[in-house]
Amino acid sequence: MAKRSSDELFQLIKSLEKAEKRNFKLFVQRNLGTADLKITLLFDAIDKMDEYDEEALLRKVKTLKKVQIPQPESQFVPPDTGQSAHPPR
């Protein structure tokens, strides 16, 4: 069973038109400076899938670890930095 946020990411990538996908990749490469970023590898691998499969994705992109794949928000626990999330008044 696909995880909700990963499935939503899959659906988002699949809903993009060819020009939008190209613009996304150009934006990432221009702002982060390299073509071999994990984000572009992940984007391309998900784009080539017919159906979302996390295990197949991990096999396809060897540099990617399971913890780097988007997880449902309910499972995300931000690290405790000792600072309040709200600015002082």
- Task: For residues that are at pLDDT below 85 and not in a loop (DSSP other than H, G, I, E, B), scanning just the stretch 54-89, find the one that is surrounded by the most Cβ atoms within 10 Å (Cβ to Cβ).
- Result: Gln68
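Report whether or not Glu51 is outside any helix (DSSP H, G or I) and at pLDDT 85 or above.
Working: outside any helix (DSSP H, G or I): yes; at pLDDT 85 or above: yes.
Yes; evaluated as a whole, the condition is true for this residue.
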- Query: Hey, among Ile39, Ile46, which residue is modelled with pLDDT of 90 or more, within 11 Å of the chain's Cα centre (by Cα) and not polar (S, T, N, Q)?
  - Reply: Ile46
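Looking at this structure, is Glu8 surrounded by 14 or more Cβ atoms within 10 Å (Cβ to Cβ), on the phi < 0 side of the Ramachandran plot and of a type in the set (Asp, Glu)? So that I can check it myself, show each step before the final result.
Working: surrounded by 14 or more Cβ atoms within 10 Å (Cβ to Cβ): yes; on the phi < 0 side of the Ramachandran plot: yes; of a type in the set (Asp, Glu): yes.
Yes.
The values are calculated or read from the model by the stated rules, or taken from the named source; none is laboratory data. Computed from a prediction, not measured in an experiment: that's the story for all the values here. Cβ sites come from the backbone with ideal geometry, for glycine too, and all protein chains shown count toward neighbours.
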